[in-house]
There are 2 protein chains.
Amino acid sequence: MSNSNIEDEKIINRLYEIHRRTAPKFESCTGISQTRLELLHELYEVEKISQRALQKKVNIDHAAVTRHLKQLEDKGMVIRRKDPKDQRFTYVSLSEEGRLKIIHYREEKERFISGVLHDFSEEERKTLLKMLTRIQRNIEIFE
Amino acid sequence: MSNSNIEDEKIINRLYEIHRRTAPKFESCTGISQTRLELLHELYEVEKISQRALQKKVNIDHAAVTRHLKQLEDKGMVIRRKDPKDQRFTYVSLSEEGRLKIIHYREEKERFISGVLHDFSEEERKTLLKMLTRIQRNIEIFE
DNA sequence: GCTCAATCATTGATACGTCAACTAATTTAA
DNA sequence: TTAAATTAGTTGACGTATCAATGATTGAGC
(Lines give C-alpha, C1' and ligand atoms only; values in the text may rest on other atoms or scores of the structure.)
Protein backbone atom coordinates (compact mmCIF):
# COMPACT_ATOMS: atom_id res chain seq x y z
CA MET A 1 0.00 0.00 0.00
CA SER A 2 2.43 2.64 1.15
CA ASN A 3 4.90 1.25 -1.33
CA SER A 4 2.59 1.56 -4.29
CA ASN A 5 1.66 5.03 -3.14
CA ILE A 6 5.21 6.14 -3.60
CA GLU A 7 5.14 4.83 -7.13
CA ASP A 8 1.85 6.55 -7.82
CA GLU A 9 3.29 9.76 -6.51
CA LYS A 10 6.12 9.43 -8.96
CA ILE A 11 3.63 9.27 -11.80
CA ILE A 12 1.98 12.51 -10.78
CA ASN A 13 5.31 14.19 -10.16
CA ARG A 14 6.58 12.98 -13.49
CA LEU A 15 3.58 14.43 -15.27
CA TYR A 16 4.21 17.72 -13.57
CA GLU A 17 7.89 17.76 -14.35
CA ILE A 18 7.32 16.79 -17.96
CA HIS A 19 5.17 19.82 -18.39
CA ARG A 20 7.63 22.15 -16.75
CA ARG A 21 10.42 20.93 -18.96
CA THR A 22 8.38 20.69 -22.13
CA ALA A 23 6.96 24.19 -22.19
CA PRO A 24 10.21 26.15 -22.57
CA LYS A 25 11.79 23.56 -24.85
CA PHE A 26 8.78 23.44 -27.09
CA GLU A 27 8.88 27.16 -27.50
CA SER A 28 12.58 27.40 -28.16
CA CYS A 29 12.32 24.63 -30.74
CA THR A 30 9.24 25.74 -32.58
CA GLY A 31 9.43 29.49 -32.01
CA ILE A 32 5.94 29.65 -30.53
CA SER A 33 4.19 28.52 -27.40
CA GLN A 34 2.04 25.42 -27.33
CA THR A 35 -1.11 27.34 -26.52
CA ARG A 36 -0.61 29.87 -29.23
CA LEU A 37 0.10 27.23 -31.83
CA GLU A 38 -3.05 25.44 -30.78
CA LEU A 39 -5.03 28.61 -31.35
CA LEU A 40 -3.48 29.09 -34.77
CA HIS A 41 -4.13 25.47 -35.60
CA GLU A 42 -7.81 25.84 -34.89
CA LEU A 43 -7.92 28.96 -37.03
CA TYR A 44 -6.15 27.08 -39.77
CA GLU A 45 -9.00 24.60 -39.95
CA VAL A 46 -11.74 27.13 -40.54
CA GLU A 47 -12.34 30.25 -42.55
CA LYS A 48 -13.35 32.23 -39.48
CA ILE A 49 -14.58 31.60 -36.00
CA SER A 50 -15.86 33.62 -33.06
CA GLN A 51 -13.56 34.05 -30.08
CA ARG A 52 -16.11 32.33 -27.94
CA ALA A 53 -16.22 29.24 -30.16
CA LEU A 54 -12.45 29.24 -30.36
CA GLN A 55 -12.20 29.46 -26.60
CA LYS A 56 -14.43 26.42 -26.24
CA LYS A 57 -12.24 24.46 -28.62
CA VAL A 58 -8.94 25.14 -26.95
CA ASN A 59 -10.53 25.15 -23.55
CA ILE A 60 -8.49 27.83 -21.85
CA ASP A 61 -9.75 30.90 -20.05
CA HIS A 62 -11.52 33.64 -22.02
CA ALA A 63 -9.09 36.22 -20.77
CA ALA A 64 -6.11 34.29 -22.03
CA VAL A 65 -7.74 33.85 -25.43
CA THR A 66 -8.39 37.56 -25.75
CA ARG A 67 -4.80 38.41 -24.90
CA HIS A 68 -3.27 35.85 -27.21
CA LEU A 69 -5.39 36.97 -30.10
CA LYS A 70 -4.56 40.60 -29.54
CA GLN A 71 -0.89 39.82 -29.63
CA LEU A 72 -1.25 37.64 -32.68
CA GLU A 73 -3.13 40.48 -34.31
CA ASP A 74 -0.32 42.89 -33.46
CA LYS A 75 2.07 40.50 -35.14
CA GLY A 76 -0.13 40.48 -38.22
CA MET A 77 -0.90 36.79 -38.05
CA VAL A 78 -4.56 37.13 -37.31
CA ILE A 79 -7.46 39.35 -38.31
CA ARG A 80 -10.28 40.22 -35.94
CA ARG A 81 -13.53 41.97 -36.72
CA LYS A 82 -16.91 42.28 -35.11
CA ASP A 83 -19.93 40.53 -36.49
CA PRO A 84 -22.14 43.28 -37.99
CA LYS A 85 -25.25 41.22 -37.23
CA ASP A 86 -24.39 40.77 -33.58
CA GLN A 87 -21.75 43.11 -32.32
CA ARG A 88 -21.05 41.02 -29.27
CA PHE A 89 -19.20 38.52 -31.41
CA THR A 90 -15.68 39.03 -32.65
CA TYR A 91 -14.71 36.86 -35.56
CA VAL A 92 -11.14 35.79 -35.96
CA SER A 93 -9.34 34.47 -39.01
CA LEU A 94 -5.79 33.76 -40.10
CA SER A 95 -4.07 36.37 -42.24
CA GLU A 96 -2.17 35.25 -45.31
CA GLU A 97 1.04 35.68 -43.41
CA GLY A 98 -0.31 33.65 -40.52
CA ARG A 99 -1.35 30.90 -42.86
CA LEU A 100 2.15 30.72 -44.27
CA LYS A 101 3.96 30.88 -40.97
CA ILE A 102 1.91 28.20 -39.30
CA ILE A 103 3.20 25.65 -41.76
CA HIS A 104 6.70 26.18 -40.53
CA TYR A 105 5.63 26.05 -36.91
CA ARG A 106 3.90 22.77 -37.45
CA GLU A 107 6.95 21.21 -39.06
CA GLU A 108 9.00 22.19 -36.05
CA LYS A 109 6.36 20.82 -33.76
CA GLU A 110 6.44 17.49 -35.56
CA ARG A 111 10.18 17.40 -35.21
CA PHE A 112 9.83 18.09 -31.53
CA ILE A 113 7.25 15.39 -31.04
CA SER A 114 9.29 12.87 -32.97
CA GLY A 115 12.20 13.55 -30.67
CA VAL A 116 10.15 13.17 -27.54
CA LEU A 117 8.62 9.88 -28.66
CA HIS A 118 11.45 8.56 -30.79
CA ASP A 119 11.96 5.36 -28.83
CA PHE A 120 8.28 4.49 -28.56
CA SER A 121 6.82 1.75 -30.71
CA GLU A 122 3.50 2.17 -32.44
CA GLU A 123 1.99 -0.12 -29.85
CA GLU A 124 3.43 1.84 -26.96
CA ARG A 125 2.16 5.11 -28.33
CA LYS A 126 -1.34 3.72 -28.50
CA THR A 127 -1.16 2.42 -24.97
CA LEU A 128 0.22 5.68 -23.69
CA LEU A 129 -2.42 7.79 -25.37
CA LYS A 130 -5.17 5.63 -23.95
CA MET A 131 -3.75 5.89 -20.48
CA LEU A 132 -3.36 9.63 -20.66
CA THR A 133 -6.90 9.96 -21.89
CA ARG A 134 -8.12 7.97 -18.93
CA ILE A 135 -6.14 10.13 -16.55
CA GLN A 136 -7.53 13.25 -18.08
CA ARG A 137 -11.02 11.93 -17.60
CA ASN A 138 -10.33 10.94 -14.04
CA ILE A 139 -9.10 14.41 -13.26
CA GLU A 140 -12.13 15.99 -14.84
CA ILE A 141 -14.64 13.91 -12.93
CA PHE A 142 -12.70 13.97 -9.68
CA GLU A 143 -14.72 15.34 -6.75
CA MET B 1 3.09 8.53 -41.31
CA SER B 2 0.85 11.56 -41.26
CA ASN B 3 -1.74 9.45 -39.52
CA SER B 4 0.54 8.43 -36.70
CA ASN B 5 1.69 12.01 -36.35
CA ILE B 6 -1.80 13.05 -35.47
CA GLU B 7 -1.85 10.43 -32.74
CA ASP B 8 1.53 11.53 -31.46
CA GLU B 9 0.31 15.07 -31.35
CA LYS B 10 -2.57 13.96 -29.20
CA ILE B 11 -0.14 12.52 -26.70
CA ILE B 12 1.72 15.80 -26.34
CA ASN B 13 -1.50 17.78 -26.20
CA ARG B 14 -2.88 15.41 -23.62
CA LEU B 15 0.18 15.85 -21.45
CA TYR B 16 -0.24 19.56 -21.68
CA GLU B 17 -3.91 19.51 -20.89
CA ILE B 18 -3.45 17.13 -18.00
CA HIS B 19 -1.12 19.59 -16.41
CA ARG B 20 -3.42 22.54 -16.94
CA ARG B 21 -6.32 20.68 -15.36
CA THR B 22 -4.33 19.07 -12.59
CA ALA B 23 -2.69 22.15 -11.15
CA PRO B 24 -5.82 23.98 -9.95
CA LYS B 25 -7.57 20.79 -8.90
CA PHE B 26 -4.60 19.61 -6.94
CA GLU B 27 -4.45 22.86 -5.08
CA SER B 28 -8.15 23.04 -4.30
CA CYS B 29 -8.10 19.45 -3.04
CA THR B 30 -4.97 19.55 -0.98
CA GLY B 31 -4.90 23.21 -0.01
CA ILE B 32 -1.39 23.72 -1.35
CA SER B 33 0.32 23.81 -4.70
CA GLN B 34 2.25 20.87 -6.03
CA THR B 35 5.55 22.74 -6.07
CA ARG B 36 5.18 24.03 -2.57
CA LEU B 37 4.25 20.63 -1.21
CA GLU B 38 7.29 19.20 -2.92
CA LEU B 39 9.46 21.75 -1.18
CA LEU B 40 7.90 20.94 2.17
CA HIS B 41 8.30 17.26 1.51
CA GLU B 42 12.02 17.64 0.96
CA LEU B 43 12.28 19.66 4.13
CA TYR B 44 10.37 16.96 5.95
CA GLU B 45 13.05 14.44 5.11
CA VAL B 46 15.92 16.37 6.61
CA GLU B 47 16.70 18.40 9.68
CA LYS B 48 17.86 21.36 7.64
CA ILE B 49 19.11 22.06 4.17
CA SER B 50 20.55 24.96 2.24
CA GLN B 51 18.34 26.68 -0.32
CA ARG B 52 20.80 25.77 -2.99
CA ALA B 53 20.67 22.06 -2.17
CA LEU B 54 16.91 22.22 -1.94
CA GLN B 55 16.72 23.90 -5.31
CA LYS B 56 18.76 21.11 -6.85
CA LYS B 57 16.42 18.53 -5.39
CA VAL B 58 13.20 20.02 -6.64
CA ASN B 59 14.84 21.27 -9.78
CA ILE B 60 13.01 24.53 -10.28
CA ASP B 61 14.47 27.96 -10.74
CA HIS B 62 16.40 29.58 -7.87
CA ALA B 63 14.16 32.60 -7.98
CA ALA B 64 11.04 30.54 -7.53
CA VAL B 65 12.56 28.69 -4.61
CA THR B 66 13.46 31.92 -2.87
CA ARG B 67 9.97 33.29 -3.29
CA HIS B 68 8.23 30.14 -2.14
CA LEU B 69 10.37 29.88 0.95
CA LYS B 70 9.80 33.50 1.85
CA GLN B 71 6.08 32.98 1.67
CA LEU B 72 6.26 29.75 3.63
CA GLU B 73 8.30 31.62 6.22
CA ASP B 74 5.65 34.34 6.41
CA LYS B 75 3.09 31.63 7.06
CA GLY B 76 5.23 30.27 9.85
CA MET B 77 5.77 26.89 8.26
CA VAL B 78 9.45 27.27 7.66
CA ILE B 79 12.47 28.74 9.41
CA ARG B 80 15.36 30.28 7.53
CA ARG B 81 18.68 31.40 8.89
CA LYS B 82 22.09 32.10 7.47
CA ASP B 83 24.94 29.76 8.05
CA PRO B 84 27.27 31.57 10.46
CA LYS B 85 30.26 29.77 8.97
CA ASP B 86 29.43 30.81 5.43
CA GLN B 87 26.97 33.62 5.17
CA ARG B 88 26.21 32.90 1.56
CA PHE B 89 24.18 29.90 2.55
CA THR B 90 20.70 30.11 3.95
CA TYR B 91 19.59 27.05 5.79
CA VAL B 92 15.94 26.13 5.80
CA SER B 93 14.03 23.86 8.12
CA LEU B 94 10.43 23.00 8.88
CA SER B 95 8.84 24.66 11.89
CA GLU B 96 6.85 22.55 14.30
CA GLU B 97 3.68 23.89 12.77
CA GLY B 98 4.93 23.08 9.29
CA ARG B 99 5.77 19.57 10.35
CA LEU B 100 2.26 19.07 11.63
CA LYS B 101 0.51 20.60 8.67
CA ILE B 102 2.41 18.70 6.05
CA ILE B 103 0.93 15.47 7.33
CA HIS B 104 -2.52 16.64 6.44
CA TYR B 105 -1.41 17.89 3.05
CA ARG B 106 0.11 14.57 2.22
CA GLU B 107 -3.04 12.70 3.12
CA GLU B 108 -4.99 14.91 0.77
CA LYS B 109 -2.41 14.40 -1.92
CA GLU B 110 -2.72 10.65 -1.57
CA ARG B 111 -6.45 10.92 -1.89
CA PHE B 112 -6.03 13.00 -4.99
CA ILE B 113 -3.60 10.58 -6.58
CA SER B 114 -5.83 7.62 -5.77
CA GLY B 115 -8.65 9.35 -7.57
CA VAL B 116 -6.61 10.13 -10.62
CA LEU B 117 -5.28 6.58 -10.93
CA HIS B 118 -8.21 4.70 -9.47
CA ASP B 119 -8.90 2.57 -12.55
CA PHE B 120 -5.26 1.67 -13.20
CA SER B 121 -4.00 -1.78 -12.34
CA GLU B 122 -0.68 -2.28 -10.66
CA GLU B 123 0.71 -3.42 -13.96
CA GLU B 124 -0.57 -0.40 -15.80
CA ARG B 125 0.88 1.98 -13.26
CA LYS B 126 4.27 0.45 -13.69
CA THR B 127 4.06 0.68 -17.45
CA LEU B 128 2.91 4.26 -17.29
CA LEU B 129 5.65 5.36 -14.94
CA LYS B 130 8.27 3.77 -17.14
CA MET B 131 6.91 5.49 -20.19
CA LEU B 132 6.75 8.88 -18.51
CA THR B 133 10.28 8.46 -17.29
CA ARG B 134 11.43 7.76 -20.82
CA ILE B 135 9.61 10.82 -22.11
CA GLN B 136 11.16 12.97 -19.47
CA ARG B 137 14.59 11.75 -20.46
CA ASN B 138 13.87 12.32 -24.12
CA ILE B 139 12.87 15.87 -23.42
CA GLU B 140 15.96 16.50 -21.38
CA ILE B 141 18.37 15.21 -23.99
CA PHE B 142 16.49 16.67 -26.92
CA GLU B 143 18.60 18.97 -29.10
C1' DG C 1 47.07 40.91 1.58
C1' DC C 2 44.48 42.03 -2.43
C1' DT C 3 42.18 41.39 -6.57
C1' DC C 4 39.42 38.34 -9.37
C1' DA C 5 36.44 34.55 -9.84
C1' DA C 6 32.97 31.64 -8.02
C1' DT C 7 28.93 30.73 -5.33
C1' DC C 8 24.36 31.62 -3.11
C1' DA C 9 20.54 34.42 -2.75
C1' DT C 10 17.58 38.10 -4.13
C1' DT C 11 15.22 41.13 -7.21
C1' DG C 12 13.33 42.78 -11.68
C1' DA C 13 11.30 41.95 -16.10
C1' DT C 14 8.48 39.08 -18.71
C1' DA C 15 5.09 35.41 -19.86
C1' DC C 16 0.95 33.18 -19.24
C1' DG C 17 -2.81 31.03 -16.73
C1' DT C 18 -6.72 31.75 -13.31
C1' DC C 19 -10.83 34.21 -11.38
C1' DA C 20 -13.63 38.21 -10.71
C1' DA C 21 -15.41 42.54 -12.05
C1' DC C 22 -16.83 45.27 -15.70
C1' DT C 23 -18.75 47.00 -20.40
C1' DA C 24 -21.45 46.53 -24.33
C1' DA C 25 -24.83 44.24 -27.11
C1' DT C 26 -28.72 41.41 -27.42
C1' DT C 27 -32.63 38.57 -25.86
C1' DT C 28 -36.40 37.49 -22.78
C1' DA C 29 -40.41 38.18 -20.58
C1' DA C 30 -43.64 41.02 -17.75
C1' DT D 1 -41.85 48.40 -24.61
C1' DT D 2 -38.96 48.49 -21.26
C1' DA D 3 -36.42 46.27 -17.25
C1' DA D 4 -33.86 42.22 -16.19
C1' DA D 5 -31.13 38.44 -17.58
C1' DT D 6 -27.82 36.57 -20.72
C1' DT D 7 -23.85 36.56 -23.59
C1' DA D 8 -19.19 38.01 -25.59
C1' DG D 9 -15.33 40.26 -24.79
C1' DT D 10 -12.04 43.07 -22.07
C1' DT D 11 -9.44 44.42 -18.15
C1' DG D 12 -7.36 44.07 -13.49
C1' DA D 13 -5.38 41.52 -9.75
C1' DC D 14 -2.89 37.67 -8.54
C1' DG D 15 0.15 33.46 -8.62
C1' DT D 16 4.13 31.41 -10.23
C1' DA D 17 7.66 29.89 -13.65
C1' DT D 18 11.56 31.62 -16.51
C1' DC D 19 15.89 34.29 -17.47
C1' DA D 20 18.99 38.04 -16.57
C1' DA D 21 21.13 41.26 -13.63
C1' DT D 22 22.67 42.46 -9.13
C1' DG D 23 24.37 42.00 -4.27
C1' DA D 24 26.88 39.79 -0.73
C1' DT D 25 30.18 36.60 0.83
C1' DT D 26 33.89 33.58 0.33
C1' DG D 27 37.94 31.32 -1.87
C1' DA D 28 42.07 31.16 -4.97
C1' DG D 29 46.13 32.74 -7.02
C1' DC D 30 49.56 36.07 -7.45
Rounded to the nearest 500, what is the protein assembly as shown's calculated 222 nm mean residue ellipticity when only DSSP H runs of at least 4 contribute -39500 (n - 2.57) each, over all residues? -24000 deg cm²/dmol
Exam field: A:Asn5 pseudo-label spacings to other copies (7 Å along Cα-Cβ), nanometres: 4.6
May I ask you to report, in nm to one decimal and beginning with the shortest, the distances from A:Arg80 to the same position in the other copies, taking label points 7 Å along Cα-to-Cβ? 3.9
Got a sec? Charge dipole of the protein assembly as shown, +1 on Cβ for Lys and Arg, -1 for Asp and Glu; which of B:Gln136, A:Pro84, B:Leu94 is way out at the positive end? A:Pro84
What does the accessible area per residue of region B:42-91 come to in Å², with a 1.4 Å probe and no ligands, DNA or RNA counted? 68 Å²
Expected field for B:Ser114, accessible surface area in Å² at 1.4 Å probe radius, rounded to 10, holds 60 Å²
Per-residue HN-Hα couplings for region A:47-55, Karplus 6.51 cos²θ - 1.76 cosθ + 1.60 at θ = phi - 60°, whole Hz, x for Gly and Pro? 6, 7, 7, 6, 4, 4, 5, 5, 4
Under 12 Å between alpha carbons, and skipping anything fewer than 8 positions from B:Lys10 in its own chain: which aspartates and glutamates qualify? A:Glu38, A:Glu110
Quickly work out the A:Gln71-to-A:Ser28 label distance, labels modelled 7 Å from Cα along the C-beta direction, and quote it in nm with one decimal. 1.8 nm
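Where does each of A:Thr127, B:Thr35 land when they are ordered by accessible area, with a 1.4 Å probe and the largest first? Could you put the intermediate results ahead of the total?
On the way: A:Thr127 50, B:Thr35 15 Å².
If we order A:Thr127, B:Thr35 from most to least accessible, we get A:Thr127, B:Thr35.
Which percent of the accessible heavy-atom area of region B:2-141 goes to carbon and sulfur, probe 1.4 angstrom?
Details: 3700 of 7540 Å².
Exposed carbon and sulfur together represent 49 percent of the surface.
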By what distance, in whole Å, do the Cα atoms of chain B stretch along each of the three principal axes, largest value first? 61, 37, 25
Would you please classify the overall shape of region B:1-55 from the alpha carbon gyration tensor, given that a ≥ b ≥ c denote the square roots of the eigenvalues, rounded means a/c under 1.5, and beyond that prolate means a/b larger than b/c while oblate covers the rest? oblate
Taking only Cα atoms, what is the 0 to 90° angle, nearest 10, from helix A:96-116's long axis to the longest principal axis of chain A? 10 degrees
To the nearest 20 debye, chain B has a Cα-centred charge dipole, built from +1 on Lys and Arg Cβ and -1 on Asp and Glu Cβ, of 580 debye
Those GluC sites (Glu not before Pro) from region A:19-121 that are DSSP loop and have at most 12 other Cβ neighbours within 10 Å turn out to be A:Glu47
Since chains B and A are linked by a rotation, which residue in B has the beta carbon closest to its axis, and how far is it in Å? B:His19, 2
Simple spin-label estimate for A:Arg111 and B:Lys82 in nanometres, 7 Å along Cα-Cβ: 4.8 nm
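The values are calculated or read from the model by the stated rules, or taken from the named source; none is laboratory data. From a predicted model like this one, the values you see are computed outputs, not experimental measurements. When we count neighbours, we look across all protein chains shown, and the Cβ atoms used for this are built from the backbone with ideal geometry, even at glycine. Please note that ligands, DNA and RNA were not included when accessible areas were found on the heavy atoms of the full protein model with its side chains. Shrake-Rupley method; radii C 1.70, N 1.55, O 1.52, S 1.80 Å.
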